[in-house]
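Asker: I'd like to ask some things about the structure below.
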Amino acid sequence: MMSDSVDPSAPGAPPGSFAATGLGKLYRTGEAEVHALRGVDLAIAAGEMLVLLGPSGSGKSTLLNILGGLDRPTSGRLWFGDEELTGLDDTGLTRFRRAHVGFIFQFYNLIPSLTALENVRLVTDIAAHPMDPAAALDRVGLANRRDNYPAQLSGGEQQRVAVARAIAKQPAVLLCDEPTGALDSATGVHVLAALAEANRQLGATVVIITHNVGIAAMAHRVIHFRDGRIAREELNDHPVAPAEISW
């Protein structure tokens with residue numbers, strides 16, 4: 001479904017918005033073909049909090065990777081604001097990721113030999129308009145853990161460092177693939193609260209893949225995937241705070 005809120009042909013579409021038409025992704029292994037995406041039409045408004053649900057293999061991660069410029073569709077077109085991502089070469093996609101996208105994955109991908117502050121500074125050193133690394137850690141409640149190494153942090157604290165690293169360059173978009181998948185519910189709420197704050201206070205567009213249907217309650221919109229297609233979507237007029245989510 002293509003929302004009326006984003007028109008890829010309109011000049012001046014806001015950064016942080018996406019518009020996809022007919023996105024397809026085909027993987028070939030020998031003679032076998034796997035259609036990861038099958039003609040997906042989708043619009044994401046700037047500043048939206050979006051949750052993607054669906055079984056494994058339904059196309060969620062493939063879509064997320066294409067939105068983030070980590071992969072290319074086999075067919076279809078994709079715009080970010082008024083820039084067509086599907087028209088960019090590898091160098092252009094690298095610039096897009098560096099300037100506009102923060103990634104958060106299930107596993108934290110921190111550098112073990114660097115402190116929490118130094119892990120965040122890895123991103124701010126290459127960002128155009130970064131947040132102070134210490135301020136980013138403060139936003140996720142880790143100001144007092146800045147000098148600790150990953151091995152000295154709990155899993156939830158490591159994931160919050162990963163969130164701080166992602167938001168420190170003040171990206172227009174945060175793309176999150178199972179950000180609470182390795183965490184218990186109490187710890188996961190802290191991570192989701194950091195994402196909700198980035199959405200609310202920084203205006204970042206946040207897209208979250210999860211198998212936890214309870215997380216959908218904090219989203220503005222929920223999209224259900226099945227067999228590489230959007231099966232249905234739901235608008236949420238009253239998103240709840242992460243602390244109110246039932247896991």
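Values in this text are rule-based calculations from the coordinates and carry no lab data. Note that this is a predicted model, so its numbers are computed, not measured. Note: ideal-geometry Cβ built from the backbone for every residue, glycine included; neighbour counts use all protein chains shown.
Asker: Per Stokes-Einstein, at 20 °C and 1.002 mPa s, what whole-number D in µm² s⁻¹ belongs to region 132-247, with the Kirkwood radius over Cα pairs as the hydrodynamic radius?
Answerer: 144
Asker: To continue, here is another question. Given that compact globular proteins tend to follow 2.2 N^0.38 Å, what is the ratio of the alpha-carbon Rg of region 62-149 to that value? Before the final figure, lay out each step's value.
Answerer: Values: Rg = 15.8 Å, N = 88, 2.2 N^0.38 = 12.1 Å.
It is 1.31.
Asker: Which of the peptides 181-190, 211-220 is most tightly packed, and how do the rest follow, going by the mean number of other Cβ atoms within 10 Å of each residue? Could the numbers behind the result be given before it?
Answerer: Details: 181-190: 16.6, 211-220: 18.6.
Going by the mean number of other Cβ atoms within 10 Å, highest first, we get 211-220, 181-190.
Asker: I'm a student and want to see the number: the projected area of the Cα convex hull of region 40-101, averaged over all directions, in nm². Show your work: numbers first, answer last.
Answerer: Values: hull surface 18.5 nm².
Its Cα hull, projected and averaged over all orientations, spans 4.6 nm².
Asker: Where the convex hull is taken over the Cα atoms of the chain, what is its projected area averaged over directions, in nm²?
Answerer: 13.5
Asker: Here's something else I'd like to know. Label points 7 Å out from Cα along the Cβ direction at Ser75 and His238: separation in nm?
Answerer: Placing both labels 7 Å along Cα→Cβ, they lie 4.3 nm apart.
Asker: Mind pulling the angle between the C-alpha long axis of helix 185-201 and the longest principal axis of the chain? Nearest 10 degrees, somewhere in 0 to 90.
Answerer: That works out to roughly 70 degrees.
Asker: Quick one: angle between helix 90-100 and the longest Cα principal axis of the chain, in degrees between 0 and 90, rounded to 10, please.
Answerer: Here the helix axis deviates by roughly 50 degrees.
Asker: Something else about it: Regarding region 43-189, what is the average projected area of its C-alpha convex hull, in nm²? Kindly include the intermediate steps, with their values, before the conclusion.
Answerer: Working: hull surface 38.4 nm².
Hull-based average projected area comes out at 9.6 nm².
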